[in-house]
Structure formats: structure tokens, C-alpha cells
4 protein chains.
Amino acid sequence: MDRVNVVIVGAGGYGGCGSVEILSVHPEAKIVALVDQENVGRPYSSLYPHLKGFCDLTISPPEFEEIKERVDVVFFSTPDGVGQSYAPYWLKRGARIVDFSGDFRFRDLSLYGEYARRIGRPQEHKSPDVAKISVYGVPELYKEEIKEARVVGNPGCFAISCILGLAPAVKSGLVELDHIVADAKTGVSGAGKKVNPSFHYPHRYETINAYRIGGHQHVLEVERELSLLAQKELKITFTPHVVPMTRGILSTLYAKLKERPSIDEVLGVYSSFYEGSPFVRIAGPQEPQTSSVVRGTNYCLLWVNIDTRTNTLIVVSHIDNLMKGQAGNAVQNMNIMFGLEETLGLFRPSQFP
Amino acid sequence: MDRVNVVIVGAGGYGGCGSVEILSVHPEAKIVALVDQENVGRPYSSLYPHLKGFCDLTISPPEFEEIKERVDVVFFSTPDGVGQSYAPYWLKRGARIVDFSGDFRFRDLSLYGEYARRIGRPQEHKSPDVAKISVYGVPELYKEEIKEARVVGNPGCFAISCILGLAPAVKSGLVELDHIVADAKTGVSGAGKKVNPSFHYPHRYETINAYRIGGHQHVLEVERELSLLAQKELKITFTPHVVPMTRGILSTLYAKLKERPSIDEVLGVYSSFYEGSPFVRIAGPQEPQTSSVVRGTNYCLLWVNIDTRTNTLIVVSHIDNLMKGQAGNAVQNMNIMFGLEETLGLFRPSQFP
Amino acid sequence: MDRVNVVIVGAGGYGGCGSVEILSVHPEAKIVALVDQENVGRPYSSLYPHLKGFCDLTISPPEFEEIKERVDVVFFSTPDGVGQSYAPYWLKRGARIVDFSGDFRFRDLSLYGEYARRIGRPQEHKSPDVAKISVYGVPELYKEEIKEARVVGNPGCFAISCILGLAPAVKSGLVELDHIVADAKTGVSGAGKKVNPSFHYPHRYETINAYRIGGHQHVLEVERELSLLAQKELKITFTPHVVPMTRGILSTLYAKLKERPSIDEVLGVYSSFYEGSPFVRIAGPQEPQTSSVVRGTNYCLLWVNIDTRTNTLIVVSHIDNLMKGQAGNAVQNMNIMFGLEETLGLFRPSQFP
Amino acid sequence: MDRVNVVIVGAGGYGGCGSVEILSVHPEAKIVALVDQENVGRPYSSLYPHLKGFCDLTISPPEFEEIKERVDVVFFSTPDGVGQSYAPYWLKRGARIVDFSGDFRFRDLSLYGEYARRIGRPQEHKSPDVAKISVYGVPELYKEEIKEARVVGNPGCFAISCILGLAPAVKSGLVELDHIVADAKTGVSGAGKKVNPSFHYPHRYETINAYRIGGHQHVLEVERELSLLAQKELKITFTPHVVPMTRGILSTLYAKLKERPSIDEVLGVYSSFYEGSPFVRIAGPQEPQTSSVVRGTNYCLLWVNIDTRTNTLIVVSHIDNLMKGQAGNAVQNMNIMFGLEETLGLFRPSQFP
């Protein structure tokens, strides 16, 4: 088979950079164009010197018709609103799409409306027909749909960490649905490349804060997926925090157990659920729970515990926000879409320390 | 009045060091001896070079009779078990005691027994009579008792952050008592000065982890205090985390609201509760919530929010674990015990950045 | 005596903030106005929440005539060019000046010209007559002049670290003058409050770099002072680096020894030179050399060594760039100018860890 | 060809871990045993959970005869003294050796004696005959010798950074030989995995220090190599520092230029010298100089500058101390020894940020 030809739109941000890092040494992919509004004509490696020798393309403008090669898939590593503008063009050209924003995470346009309101862009979806054929890009839930999908909406970084951590418990009916709390801690890279006083090094070191309490947009994806799994509408309490590190999301997930299952029963439920999911690792209370497993990789580590005093299931879900929370998961989706080994280009350990 | 003469036992640890930092420039206190098992006879500043010129005592051995000066108060900045061994001696000598461990946080010896079991030292309290006259050292709750107290049990660092954050809501009956979740994040200094692979710099940078789920000993103090305030037994779900910073505890506290109060009503409850408490600052959702307020200071910042979607009160309680969580609070207790201005030696801003 | 009334111009930056932190609890100073171009009319504590309760002034515009109180001294914690514009006004009003920029570090206007060229502002000095009566604000060298000075030019942060580290050796003739190397490492706060991609947290963690090789403007002050001490023109090789920490400058200073003095002889030279300088600490090779001594304080720690293999004097000079390198040194200058105890408001230990 | 069968002795440390990270996904290598004194019988992934699924061997004891498979090369990622004890055994078995310590960096046993004295182990070399056939493992200098070598002494991390940075200048006669200064800054991982109060997270954050001034053992390798290149004995002044980051060495190298070459001439000398060296990157003054290029990779970035005021060549040499300074360079040596592509298993970009 020919290699998968990839165009990355929004190559200038972290999502684009992470995609290039993986795809430039992926054995079955070839990057054919890097597109960005800024720095057009400059070598990509002048933005990201560490990629010199790995990807020596220059940055193309968003005039896609200048890309002459066959394009199999377009990664939209762009802010909300971009993917939905250009999706029809690429679908017509026969390409498939993986979008990193919220543009294609919602088939339900009223839910998208609420999402758009939360991110401060309350406007109509520009490609509602495309939204309606999109597949939500959590391979652990939708592998079969992703295989056939023409458009995949890569999930929010917080969202995937919460969904993976809660899905087995909710699906299996282990927990009550009305008191779920998700307390998430992200590294600073989650906020992207754009400078901001709050992420100026001297302002961030030794600093932790909660933000957007009750109002973060990722909660909508989580609730939608958990409601589908539970076959019942539910809402969760979700609080994001920023901690002084660069990579990683650790979400601590709390749900009341209905009965009094043993930890082994619960671990059994989780293991069954994730059979065939190569990037989910499940650990019991006695096992190590360390950032080193996920840093720089596409793994999600689920550390499963019960607080027997309050009969609460506590799952600590740990990912690298730029990998399983972004570019790594996108490549995993691409692998599935093109019939490649799911782990191709992603099977490598993190570097410790 | 004469200065307050202070002996610090366990001067070698962070609690001792923090106490010396404050007391060496406190206008109404005088350190008369620094006691430790290790490094006896060495200048204190050889352990802590930054204190040279501020406190030039040498380290005394735990043979207290060699301390000839009048001693007004003894700070036991020592591991569990030490204060309870020596308290009777000092009380007999007429000194008062502030203990930093769990030794004097419990008048109820069966609760102490549970505490002792949790920290892996399941043994009888050595001075039960002293435990019974001890006062729990949260000045915001027990100022009057502390004035007269002969023995003060300085609270656990996690405990004080949770208690201050939840007390007004629980006392006022704003919240339901059976689904309280406390998700706490501490800097590494909370684990003390002793080296440990988990706190080796290369292992801790870019690393966050939850630990001792369902089993941390500080939860007992929190539940006892909240139960007293609620006049009803309650249990909470408490999960501590370590994040890659040195100082600070941020506890995110979740409790279901009974009714649907406005945020202003809730803020009113908090403001009333902490009237006359100079070290508690209350902020509403629109106000800045930043580590810089508490770092290096004795302040507790309470950031009060309501998640209206799930009708949950979310209070983010933020302290410096070594100040309001340890030495700063101890000095505040000392000030109260000796009729000094509560803020003496503690009224100074943090340094930013 | 009345308190010293201080106006801080450029209050919005780190230098202003640091000055307020010190002066708001300084027993003999009173801040009468905080001036800035931005955020006029806003409470200062809305910029710096940690100063709420310590300094509750609002920010004044640069229309100085609206300041009605007696003004004894103006701190210009402003970029290059500001102090020189307003100095005549304040001198006429009878105030004295401490300027944090390069505006008043050079009486020699041709040297100032070279400085202005290096910082990219090649223009004429606006107040040459004021420049000519300015005193260079290194109290360890110019205490007598500072007492009488109407205008003090607070030194560059790199400059003071290098000057204090090399002055005794150069003055005493211990070292050769033609091979001096200064390798300086600064924390990120040295670059100020303004955001910049290079100081975005994710870009700075785990990152160290050298910059402006051969071209940094601070080298001019160092060469001027060392040349005066040597009574001979000299040039040095100076390389600044940024390391992933917030506060602190450590300058490693290399100079060939002329003879083969013992370390004790060299230490003797340094100790004599700094007799009467309360903020300089000298340590020999066996003594601890740690950031904790200087962090958050006005101290300079000089760690003096000889590499006997190459007969090189190596002095490691360590300061907090925002204290001895900026606001702390400014307050020390103010204390000297107004006949106060030199250490007033500055005598306090750092907080460890 | 069969895969290269590798035994890693000292697998428990960072060098072993780094080697496993690379070799477990190296297309032409196979790890056949992981040996360590500690944790014998435990799965390697219980020490390093991030390697679960990549290397599921258990730890073998140092009884090598129990290793039954063919062994092509042994990595001694062990402290000084171990490799020299076991080298004869493995050579007899037909294996080749890459040693990470100082054991095989010196054919000259008197120089080894000085090295041994400096590290506090002043004793006779146990395998002097093996030392005499060892090759110094800097591929950029000794590629031909390494191809044939039976024993390679992997260089010290500081040493390789200094040698690569200075070799072209010294070899070409560009610089004077009697005033070379190397000011090196290392991340904390350079000190290894063993806990130490100085590397306890709270003691290291915001902390930088110089150490072992004039006495570090790596200087001997640097001087030996530079003397060989210069064909004249020389000594350098070398000062190591520890900065608060985990990975990376940045060495700032100073040498007086003899003539007044242009920067382009100097860059030409460097480029010619490193033609055919895939892991050395040369940058001129205008090019980006950033840690991201080397972090997690086997690259060495040389940023070449001239300070024209003092006519000094300043080369900033930047590596990842655990890769080009340790395991990465060892694998590069292995590739050369076994006729593989030099970059095999090492050609991948770092991950940014």
C-alpha cells in the first residue's frame, strides 16, 4: 500500500508540532504539506528547530488548491471554527479529516451550540451536514465507526481523560450517576503556544489554580458520552486546574458505588472494558501510579481505587495531554482509519527521568 | 512585658526552620534553645546557612534540664510521639506547648488510636491527661480556648485547609453532609526534609500523583471538626495529591447545596464566619485566585464558587503548607496564647514573583 | 524624624512590586503614590493581589503635580529613558531620585551613548546635567557619595553581581586584568514582567540558553568600575544565560592570579574589602554555597576559590536579581541617603525551602 | 544479519534505563539480559513502569554464566570499578564491551590513577591489559577505531560536551591554548538516581550552584583529547554547575583567538570538522540556540560565536546528558561497532514542549 499522505493545517501550534514529531518518523505516513496562516514560506524548522532534518517542508498558505499531491487525510490542528469552514472542500477532494477542535465532536447541533457559547463563539455551525456524519474520536469507544469515518472529531484533552476513566463504571452500572465529580489537573501546555501573563514562567512556577468552575466546555462531551453509556442523561461536576508542569493531565474521578463491590470486581470490569485497547493501562491500588508511564506517550493510565469509608470509586486517569489528549490520539485514529496497526508510530516508551 | 521565651524541639526539620525564620525577627519573641537529636553542638546556621546572623545558637541535645533560662513556650516541631513524651516535663516547668504533630490534636483517645493506626504507630498515647486538656489549634475556630490553653495541637496542613474551606458552609447548614469531596494538592515540602526517591528532583519534575486514597490520617481531624460544626457525624472523601512545586496546598472542596442560594448569600455566610480572622481572605468567582497571595505567608485564601448546573458549592482553599499549614499558624497560636497582636511577626506580604 | 515619603514611578513592573513589598512594611518609609502609565485608577492590589492590605493605593497617572504630599524620594522603576525625562522636575521639587534603569549609571555621556546603542535606543541623554551629578548605586563602593547624592543610578543586576565578585581582586592587584571571564546565569524574572515566547512556561522549563554574547549592555558598568579600581582600562568577556528558575543570578567569575596566593590570603583580601558591608557574605571553598542564602533577600554571597592547576581565581557571586539586583539595593540606597540604618526593612532571612 | 544481542549490566540506574528505552525499540538489537545487584528476580518494569510492554525481562544477578544466549556486546552502565572487574570474562566469551564509567577511558594508567584519585577510589586498575586496548568512545573523533574496538570507554557527560565544542578550534590552531575556560551547567539527572539532600526537590528548585571547582574528574579526558588534537600539553579551567532542570548539559567554552578570523571562517572550520558526523549540529550567532533540539535526543548543538571586543571564541555546546552524554552515545558506538547505520534507533526528534 502507498503511504498515507497527510496535510496538517494549523501546523504552527503544539498540535501541529506534535503531529509532525510523530508522522515524520511514522513508517506508513508522509506529510505532504504544512499549512498555517502565519510564517508562510518559512521553513518549518525555523519555528521548530528540533524538527530540522526530520521535516524540511516550508509552511504553505491556506490556499489548498496549490497542494498538488494526493491527500488522504487532513489534520485540522486549528482553533474552533477552522475545520468546519474547510471540511467540505477536502471531503470533495476525497480526503478524510481529523479535526482537533470542537468542530466535529457533536452531531447534535444544539449541543454544539452550547459548546460554542461556552467558548465565546456563539454562532451557527458552518457545515452542519458534515457535523452529522462525524465520528467522535475516542478509539476505545468507537473503533469500528472510526474505521469507516470520513470525519473524526478528536476529543478534548480533559474530556478523553474523564471519559476513559469513567466509562467502564458508568456502562456497567457500578456507580450512581448523580454525584460524579471530576477534578482535573493539567500541565501548562494544555493552554497552547500563545503567550499569556498567567503562563509567563515567573508567574506559573510554584503556582496552581482552579479555573472556569462549572463552565468548561469539555464537560459537554463527557456528559454526552457517559449519558450514552448509562442510557440516561447525567451531569457531572468538573473542575479544571493548572499545575506547574508542562505536559500531562491527571483527572481524579469520584463516583458513589451502588453496591459494595470488591476492588477485584471493579478491576475486572475495567479490564474487560479495555480488552483490545492497546493504549489503556489499568492499575490496582497496590501498583505504581506515576507520570513517567504516560509522559510523551499515547498511553492512558487508570489507577482504580475504592474509598471504603464512603464507598466511593476513585479513578485516577492520567494521560499526556499533547499525546493521548491530542496528536497521539489523532495518529491512532488515522491508523485505524487507514487499516494500519493501531499502535504504528506510537509504540515507544517515554524517556525517564 | 518580657519577650516570650521559646524553645524549639525538632529544630532540624522544615517546621523548626520555619519557626526560626519567623521568631528570629519577631519583635516579642526570643528563641532560647534549639533542640534536636541530630547535629548536637553544631551551629544551627551550618544546617541552614540562610539563618546565619539571624539565629546563631548551636543545637542542644534533648536533655532539657540543661536549658537554664525561663521557658514560656515549647514548639514541638517533631514527629508523632515526641511531644507526648516530653509534655509533662514542660508543663511542670510552667511552660506552655504548641505541638506540630498529631499528638495533641485529639482529646478523644479512641480517635487518636485510629490516627495512630493510620500513621503506622498503633500504640497507646503516652500522656492521655495532657491530651485531654489540649486545644485544637485552629485560631479561626478556637481563639478563646487558645488564649487559655496550656497545650495546643497545631493542625495537619491538609486538615486546616479543608476545615477553613468548609466550616462556614457546614456550620450554616448550606450544604448536604453526605457527599463532601476534598481533592487536595500539596507541594513537595509537605513531605518534609527527608530524602525519598519519589521526591528526588528528576523523579518529581513534570510529575503529579494521588496517594493514600481513603487512608490519609488528616481526614480524621477534618471530620471531627465538621461534625462538631454540623452537630452531626459526617464522613468525607479525601484524596491528597503531590504536584511539582515546593510550597502550597490547594484543596478543592465539593459539597451539594441544599437550597439554591445566590453566590452573594454564600459569600455573606463566609464573610460573617471569618469576621475577626485576619488571615482568612474570601474571594468571589470574579476575583483573582492566585498562589502569590499565600506563598510564604500565613494567609488562607478561600475562593468561593457555585456550579449551578449541579448545584454544588466549590470552595478552593489555598494556603502555604509551611506557614498557615505549620510554622506560621503555630506562631499565630503563640501570639494568641500570650496576649500579643495575632498578626505579630506574620504581617508581611509574599514576594512576587 | 518624619518618615521618608516615597513615590514609585513604574509601579506596575517587578521593580515596583518589589519596592512596595519592602516599603509597605518598612518602619521609616511611607509610600505616597504609585505611578504607572497603565491601569491608572485601579487599585494596586488588583494587579498584585498579594499586596492587598499592605498597600491599598490606587495607581496614579504620570501627572506628578497631582501628588500633593511632600515627596522625599522618587523610585524610577521604569524602562530606560523615563527617569531622565522627569528627573529635573523632581529635583526642582526637592526630591531625591533612585533610578532603576541605565539612565543615571553613567556620568560619562559617551559611555552612556554606547550603552544606549546596545539597548537599541541610540539617542542623546535628555538630562545630561543630572547624569553628571549622579552617583553609581553600589553601596559597597560608594556609601559616602550615596549619603549626599541627589540622584542614584541603581546598578544593573548582572553588573552588581560581577562588580561585587571581582572588585577586591582587581583593586588589590591579585589578578591579571586581560583575561577576565564572567559567566552569568539568571532566573527568568530578570527579563521582567512582559510576556515573551521564550519565557512561556512550556518553552522555558528544562531549558537553558546563552544570549547576547559579547553584546550585553551591563558589561559597560562592570568594566568602568573595575577599570577605576584597577586604575587601568580593562575589558572583560561576559556571557549571560537564562536558566529555568525565577529568581537569582549566579555569576562565575574567572581571573588569572598574578602570584600564587593561598586561599586564606585571598579570603583576607575579600573580608577586608567588605568590612562594614552588611549585605556581602564571603565563603571559602569548604563552606556551603547555596541559593537559599540569597533568595528573597538583599544579600550577596561570594564563594571564593582557587583552581590551583591553572592558578585561576574563581569567585561565584550569588544574588537575588530582584533584591540585591534591584529593589532591595534601591531601598538600601534610600536608607543610606536618608541617614537610616542601612539594613532597615531588609533584615530578614529568606524562607527555606 | 542476526540482531545484536546485548546484556546491560547496571540496568537499575539511569544509564541502564536509558539504554533499555532505546534498545527495546531498536530494529537491530535485542536485550538478552538485564543485570543488577539489587532487585534481582523482580520484573524490570516494577522499577521502571514506563517500560512495561517494551522490556518484560526480570533482573538477573551478576552471575553471568547463567546467561546462556549468545552475547555480542555488554553495556556496563555501572559505577567506576565494575567494568574493569568483569571485562576479561566477557572478552573471553567473545563479547565486546561499552563501559559507561571511567574504567576504560584511559589507556594511560597513570592518568587513570589521577582519575581514580579524583573520584575518591585511589586504587590500581584491575584489568590494565584491557585498558590498554580500549578505545575512547567519541565517535566524532574515533569512528574508525570504534568499528574495530573490543572495548569502548563511553566518555564522561561533561567531557563529551567540552570536547565536541573545542576540538575543531584546537585542532585547527584557531585558539591560544593557555586560557581555555569551560563553564558547564548540568541538569540534576547527571548525578544519577541515588537520592541526596542536595537533589531533594524542595532543595533544588530555584537553586543553582557551582561545585568541585578545580577538581572534577572529567577535566582529565578533556585535556587529554585536546592535547592530542593540539599536539601539545594543555590544561583548562573547568567549573561544573547544577541547575534546576532534569536533563541537559550546556557548556560555555571560552578560548582566545590567535588571529582575528571572521565568524564565517570559524563556522567553516567547525563544519568541515564535523562533516560525516550526523549528531553534531552547528549554528552561527543568528541561528536559534535552544534546548529543544537536544532534549531527549543524541544531538550535540554547537552554537559558535566570537566576542570581538576581547577576541574570544565562545562556543556553547549543548547535549542531553543522558543521551549524547550517556546511553544515546553508547548505542551510537554500538551501531558503529556492529556495522549498522550510525543513527539506527536514534533518529527521532525530541518532543516539544
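A compact table of results
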item	result
Evaluation of A:T290 against (1) free of Cβ contacts under 8 Å to residues at least 12 places away in the same chain; (2) surrounded by fewer than 21 Cβ atoms within 10 Å (Cβ to Cβ) (one fails), failing number	(2)
Residue list for the range C:208-220, filter: assigned to a helix (DSSP H, G or I) and facing chain D (nearest Cβ under 10 Å)	C:V219
Any hit, the range C:228-237, residues being surrounded by 22 or more Cβ atoms within 10 Å (Cβ to Cβ) and either more than 18 Å from the chain's Cα centre (by Cα) or within 24 Å of D:K256 (Cα to Cα) (or both)	yes
Counted residues, the range B:313-333 - those being out of contact with any Gly (no Cβ under 8 Å at 6 or more places or on another chain) and of a type in the set (V, I, T)	0
Those residues of the range B:179-230 which are basic (K, R) and over 24 Å from B:A116 (Cβ atoms), in sequence order	B:K185, B:R204
Qualifying residue in the range D:277-286 (condition: within 11 Å of chain C (Cβ to nearest Cβ), over 30 Å from D:F199 (Cβ atoms), out of contact with any strand residue (DSSP E or B) (no Cβ under 6 Å at 6 or more places or on another chain) and surrounded by fewer than 21 Cβ atoms within 10 Å (Cβ to Cβ))	no
The range A:164-187, residues that are modelled with pLDDT of 95 or more and within 11 Å of chain B (Cβ to nearest Cβ)	A:E176, A:I180, A:V181, A:A182, A:D183, A:A184, A:K185, A:T186, A:G187
The listed residue being without any contact (Cβ under 8 Å) to a residue 24 or more places away in the chain, of a type in the set (D, E, K, R) and either in contact with a Ser or Thr (Cβ under 8 Å, 6 or more places away or on another chain) or not in a helix (DSSP H, G or I) (or both), out of D:E233, D:E223	D:E233
Hits in the range B:87-141 - residues which are within 17 Å of B:V73 (Cβ to Cβ) and part of a helix (DSSP H, G or I)	B:A87, B:P88, B:Y89, B:W90, B:L91, B:K92, B:V130, B:I133, B:P139
Selection status of A:S350, modelled with pLDDT under 95, among the small types (G, A, S) and over 17 Å from A:I160 (Cα atoms)	no
D:S85 being closer than 29 Å to D:F158 by Cα and surrounded by fewer than 22 Cβ atoms within 10 Å (Cβ to Cβ)	yes
Considering residues of the range D:28-45 that are of a type in the set (S, T, N, Q) and surrounded by 14 or more Cβ atoms within 10 Å (Cβ to Cβ) only, the residue farthest from B:H203 (Cα to Cα)	D:N39
Selection status of D:D99, in contact (Cβ under 8 Å) with a residue 40 or more places away in the chain and not small (G, A, S)	yes
Condition met for A:Y205 (free of Cβ contacts under 8 Å to residues at least 40 places away in the same chain, among the aromatic types (F, W, Y) and either closer than 30 Å to B:H318 by Cβ or facing chain B (nearest Cβ under 8 Å) (or both))	yes
Filtered residue count, the range B:244-268, keeping only those that are more than 14 Å from chain D (Cβ to nearest Cβ), aliphatic (A, V, I, L, M), crowded, with 17+ Cβ neighbours inside 10 Å and out of contact with any His (no Cβ under 9 Å at 6 or more places or on another chain)	4
Some residue of the range B:180-200 being of a type outside the set (F, W, Y), more than 26 Å from A:F352 (Cα to Cα), in the same structural domain as B:K232 (by TED's automatic domain parsing) and under 15 Å from the mean Cα position of the chain (by Cα)	yes
Per-region count, the range D:29-82, residues within 14 Å of chain A (Cβ to nearest Cβ) and either assigned to a helix (DSSP H, G or I) or without any contact (Cβ under 8 Å) to a residue 24 or more places away in the chain (or both)	12
Candidates B:T290, B:T297 - the one that is among the hydroxyl-bearing types (S, T, Y), under 24 Å from C:R295 (Cβ atoms), modelled with pLDDT under 95 and not assigned by TED's automatic domain parsing to the domain that holds B:K30	B:T290
Some residue of the range C:326-333 being within 14 Å of another protein chain (Cβ to nearest Cβ), crowded, with 23+ Cβ neighbours inside 10 Å and assigned to a loop (DSSP other than H, G, I, E, B)	yes
Odd one out for A:R224, checked against (1) within 21 Å of the chain's Cα centre (by Cα); (2) of a type in the set (D, E, K, R); (3) within 10 Å of another protein chain (Cβ to nearest Cβ); (4) surrounded by fewer than 24 Cβ atoms within 10 Å (Cβ to Cβ)	(3)
Criterion: under 22 Å from the mean Cα position of the chain (by Cα), at pLDDT 95 or above and hydroxyl-bearing (S, T, Y) - qualifying residue of B:S45, B:S134	B:S134
Positions within the range D:1-19 being under 19 Å from D:K193 (Cβ atoms) and either touching a Pro at 6+ places or on another chain (Cβ under 8 Å) or away from chain A (no Cβ under 14 Å) (or both), in sequence order	D:I8, D:V9, D:G10, D:Y14
Filter result for the condition that a residue is over 30 Å from D:V243 (Cβ atoms), more than 14 Å from chain A (Cβ to nearest Cβ) and among the polar types (S, T, N, Q), over B:S101, B:S161	B:S101
Strands (runs of 3 or more DSSP E) wholly inside the range D:246-325 containing at least 3 residues that are hydroxyl-bearing (S, T, Y)	D:249-256
Residues of the range B:227-243 satisfying the condition of being in contact with a strand residue (DSSP E or B) (Cβ under 9 Å, 6 or more places away or on another chain) and facing chain A (nearest Cβ under 9 Å)	B:I236, B:T237, B:F238, B:T239, B:H241, B:V243
Residue, surrounded by the most Cβ atoms within 10 Å (Cβ to Cβ), within the range A:102-122, restricted to residues that are free of Cβ contacts under 8 Å to residues at least 40 places away in the same chain and among the small types (G, A, S)	A:A116
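Yes/no matrix, rows are residues, columns are (1) surrounded by 22 or more Cβ atoms within 10 Å (Cβ to Cβ); (2) within 14 Å of chain B (Cβ to nearest Cβ); (3) basic (K, R):
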residue	(1), (2), (3)
A:Y299	yes, no, no
A:V304	yes, yes, no
A:F338	no, no, no
A:P349	yes, no, no
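The values are calculated or read from the model by the stated rules, or taken from the named source; none is laboratory data. Only a predicted model underlies this, so the values are computations on that prediction, with no experimental measurement involved. Note that we place each Cβ from the backbone using ideal geometry, even for glycine, and neighbour counts take in every protein chain shown.
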